[in-house]
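Read through the structure below, which is laid out as structure tokens, and then see the notes.
The values are calculated or read from the model by the stated rules, or taken from the named source; none is laboratory data. Quick caveat: nothing in here was measured; it's all calculated off a predicted structure. Here the Cβ positions follow ideal geometry from the backbone for every residue, glycine too, while neighbour counts run over all protein chains shown.
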2 protein chains.
Amino acid sequence: MTTTGKQIFTTLESDGTLTVEVGTKEFRDPTGNQVLVKMEAAPINPSDLALLFGPADLENAEYSPGKIVATMPEPFNSGAKGRHGQRLPVGNEGAGTVIATGDGDAAKALMGQCVACVPGNAFSEYALADAAMCLPLGDHTAEQGASSFVNPMTALGFAETARMEGHKAMIHLAAASNLGQMLVKICQEDGIELVNVVRKQEQVDLLKGLGAKHVVNSSSDDFMKQLRDAIAATDAYFGFDPIGGGQMSDTCLKAMEQVAVTKMSEYSRYGSNQPKKMYIYGRLDLGPTILTPSYGFGWTLSGWLLTPFMANAGMEVIGRMRKRVLDNLTTTFASSYKRKVDLEEMLTKDAALDYRRMQTGEKYLVTPHG
Amino acid sequence: MTTTGKQIFTTLESDGTLTVEVGTKEFRDPTGNQVLVKMEAAPINPSDLALLFGPADLENAEYSPGKIVATMPEPFNSGAKGRHGQRLPVGNEGAGTVIATGDGDAAKALMGQCVACVPGNAFSEYALADAAMCLPLGDHTAEQGASSFVNPMTALGFAETARMEGHKAMIHLAAASNLGQMLVKICQEDGIELVNVVRKQEQVDLLKGLGAKHVVNSSSDDFMKQLRDAIAATDAYFGFDPIGGGQMSDTCLKAMEQVAVTKMSEYSRYGSNQPKKMYIYGRLDLGPTILTPSYGFGWTLSGWLLTPFMANAGMEVIGRMRKRVLDNLTTTFASSYKRKVDLEEMLTKDAALDYRRMQTGEKYLVTPHG
């Protein structure tokens, strides 16, 4: 038996034509420890947008009901040649009700429950998911649990990474995001000093309202001094950058070095011995990352991604993290949404241009069954 | 008692005036486990040039006997504000004869011997050095031992770092250098696969002549294909870059990812899970380092410097490395020099412009006593 439903597909042809459309998909019955979830809510995260649209030209695209045809500019089209011609599902995470299960005990135990899941095709009426990766939401609604994976696990992953690498403080860029707000609360709970970097006064106010101690505004004239002072106060020689392109990680490494140098007793042309590290975990800016030779050789810049982090962390740590998310789903890990759209509304020009801007506090929630 | 001798000093004023001159220095008698070395030979390494001249304008400098006055351009002058007004000695390494010692046994045992040392003021007639850091050269001459520290220990440090991090292959950029030639031999001896990247056919020939298996010419039209093929043949997802500025590390990470992607069974917009790492260990190019978002999140770029490496590696590893250098000083670790200069000749326009070009195979040796 199969279940038929609507699902979003994104297809990039080698000539740069990107087609994103609502299509029909047959879902086979779940087997073993699989479950079939009727998807009720799925957030549109930056990581979804990269696959859904990438840097395609949505302003000048052709819009028809349930369909967008756009052009992918170079060098991004060539850079994505691994996906050329493939009709790909989209949507990392979401939540809904388990309506069928395989024979496995873990799967059967979820029958009829509202669960959060990470199927990779969350922008869909139905999704097959592994029972082991499902989080039963108890009394919470699908909407409350829709964003319980990507942002919460990433924010908790930062705190775990800090602990694993021996840091008691960190910098976070673009810190007023949903994820950034979670991180403020996590760091408070875990006794980690957090330097939040934002770019607007209203974001400073927002984070201060959550109790954040160190909030630095990159639009201020004395931004570098603010940043150095916060690093000096916290010993934050370690941080996370969701922007990727440009010079914000470089700026942080520079400020760290300037603080470290003030603690040296004599000049060294190699710079300080203070190790400095930034992780890039997102690509809000797809431009190149620029590093200046202004902080010696004691620095590291690295990519950070949730999946390999979880593989390294192991099941016990993951289990602990997931329990913490569930226990605090409507407090620390609550997400808010600007607007709800169904699959067709998601592909209107008005909606697509709006959520693709990835503005802080303006996240969309997809409700596939309306 | 003191010994008086000539020494090179470099002074950068806050207005950007750089003065490099032969001055006079009083050396106090060594105490404890210190020795006083009559310096006979010291190489001019890229790491010395950074402190000696940096990116100062040597073409338009004022030259007088034993003195150069040049201008340091921005942003480098501001970036070096930690040294403003300080009259600094230069010269990481060299070799000579121990002419006085402190009371310590380790020091007294070196009396009269020819030793290599790392005094930080090697461009000098005399230098005080710690006995523990001196390498007794046995029957070798000071000239043979002058470069026995920086390049040999760095090249051996790369092999150690590869082992510590679980790699059996590495990429080396600007691989025809003295250091690069040492690395070819070390990797042969240690069974590490080495991908050498050079930029001229004569450098390809040179390294092939040393028995290098994989030599890639960045001036070739099919450079990227050559590089990918060499990575695919060796599994070199790890490498060392002495250039720093520009896109060569980026190019290596890109080629690594392109090879890794061919081994994936399905497309992931996050790229491959293959960890990729490049170390920048020099700054032959002082321009910014450019990283493009074209290899997912499984990458790391980091600075590498000999001193913190040695501090981490520990005395046993360092002792083993130094013994290996001494045992192979005229073979694997032999250095060659284009020209010998005394302290005054070192500061002539002709010489300074020539050795500052840091051309492969054109290293200068300073012989302070002529």
Collect the residues in segment B:306-337 that are outside any helix (DSSP H, G or I) and buried (at least 18 other Cβ atoms within 10 Å of the Cβ), keeping them in residue-number order. B:Leu329, B:Thr332, B:Phe333, B:Ser335, B:Tyr337
So is A:Ala162 in contact with a Ser or Thr (Cβ under 6 Å, 6 or more places away or on another chain) and not basic (Lys, Arg) or not? no
Can you tell me which residues in segment A:307-317 are free of Cβ contacts under 8 Å to residues at least 40 places away in the same chain and of a type in the set (Val, Ile, Thr)? A:Thr307
Give me the pairs: first residue in segment B:234-263 and within 13 Å of chain A (Cβ to nearest Cβ) and in contact (Cβ under 8 Å) with a residue 40 or more places away in the chain, second residue in a loop (DSSP other than H, G, I, E, B) and among the charged types (D, E, K, R), beta-carbon distance under 6 Å, and six or more apart or on different chains, which are they? B:Gly244/B:Arg283
Take B:Met346 and tell me if it is out of contact with any helix residue (DSSP H, G or I) (no Cβ under 6 Å at 6 or more places or on another chain), more than 14 Å from chain A (Cβ to nearest Cβ) and either on the phi > 0 side of the Ramachandran plot or buried (at least 18 other Cβ atoms within 10 Å of the Cβ) (or both). yes
Checking the structure you have, find out if any residue of segment A:265-287 is in contact (Cβ under 8 Å) with a residue 24 or more places away in the chain, away from every other protein chain (no Cβ under 14 Å) and either over 25 Å from A:Pro308 (Cα atoms) or surrounded by 17 or more Cβ atoms within 10 Å (Cβ to Cβ) (or both). no
In the set A:Gly112, A:Gly104, A:Gly120, the lone residue that is in contact with a Pro (Cβ under 7 Å, 6 or more places away or on another chain), within 29 Å of A:Val325 (Cα to Cα) and surrounded by fewer than 24 Cβ atoms within 10 Å (Cβ to Cβ) is A:Gly120
Count of segment A:65-82 residues which are out of contact with any Asp or Glu (no Cβ under 9 Å at 6 or more places or on another chain) and either closer than 23 Å to A:Pro368 by Cα or crowded, with 20+ Cβ neighbours inside 10 Å (or both): 1
Give the residues of segment A:350-370 that are under 16 Å from the mean Cα position of the chain (by Cα) and assigned to a loop (DSSP other than H, G, I, E, B), sorted by residue number. A:Arg356, A:Arg357, A:Met358, A:Gln359, A:Thr360, A:Gly361, A:Glu362, A:Lys363
Considering only residues that are over 24 Å from B:Glu93 (Cβ atoms), out of contact with any strand residue (DSSP E or B) (no Cβ under 6 Å at 6 or more places or on another chain) and in contact (Cβ under 8 Å) with a residue 12 or more places away in the chain, which ones fall in segment B:17-73? B:Thr17, B:Glu59, B:Tyr63, B:Pro65, B:Thr71, B:Pro73
Condition first: over 30 Å from B:Cys187 (Cβ atoms), out of contact with any strand residue (DSSP E or B) (no Cβ under 7 Å at 6 or more places or on another chain) and without any contact (Cβ under 8 Å) to a residue 60 or more places away in the chain. Now tell me which residues in segment B:343-367 satisfy that. B:Glu345, B:Asp350, B:Asp354
Just one of A:Gly166, A:Gly82, A:Gly112, A:Gly157 is without any contact (Cβ under 8 Å) to a residue 24 or more places away in the chain and outside the structural domain of A:Pro43 (by TED's automatic domain parsing); which is it? A:Gly166
A:Thr367: in contact with a Lys or Arg (Cβ under 8 Å, 6 or more places away or on another chain) and under 20 Å from A:Ala41 (Cβ atoms), yes or no? yes
Filter segment A:291-306 for residues that are more than 7 Å from chain B (Cβ to nearest Cβ) and without any contact (Cβ under 8 Å) to a residue 60 or more places away in the chain and give the result. A:Tyr295
For segment B:272-316, enumerate the residues that are β-branched (Val, Ile, Thr) and either over 27 Å from A:Phe76 (Cβ atoms) or within 18 Å of the chain's Cα centre (by Cα) (or both). B:Ile280, B:Thr307
Name the residues in segment A:220-237 that are among the polar types (S, T, N, Q) and touching a helix residue (DSSP H, G or I) at 6+ places or on another chain (Cβ under 8 Å), would you? A:Ser220
Among strands (runs of 3 or more DSSP E) completely within segment A:66-162, the ones holding 1 or more residues that are within 24 Å of A:Thr19 (Cβ to Cβ), modelled with pLDDT of 95 or more and within 14 Å of chain B (Cβ to nearest Cβ) are A:87-89
Top-ranked residue in segment A:106-137 [being of a type in the set (S, T, N, Q) and under 17 Å from A:Asn45 (Cβ atoms); ranked as nearest to the chain's Cα centre (by Cα)]: A:Asn121
Within 21 Å of A:Tyr63 (Cβ to Cβ), surrounded by fewer than 18 Cβ atoms within 10 Å (Cβ to Cβ) and of a type in the set (Gly, Ala, Ser): does that describe A:Gly370? yes
Is there a residue in segment A:48-62 that is within 23 Å of A:Gly287 (Cα to Cα), away from chain B (no Cβ under 14 Å) and either of a type in the set (Val, Ile, Thr) or out of contact with any Ser or Thr (no Cβ under 8 Å at 6 or more places or on another chain) (or both)? yes
Filtering segment B:206-233 down to residues that are exposed (fewer than 15 other Cβ atoms within 10 Å of the Cβ) and within 25 Å of B:Arg283 (Cα to Cα), which residue is nearest to the other protein chains (Cβ to nearest Cβ)? B:Ser220
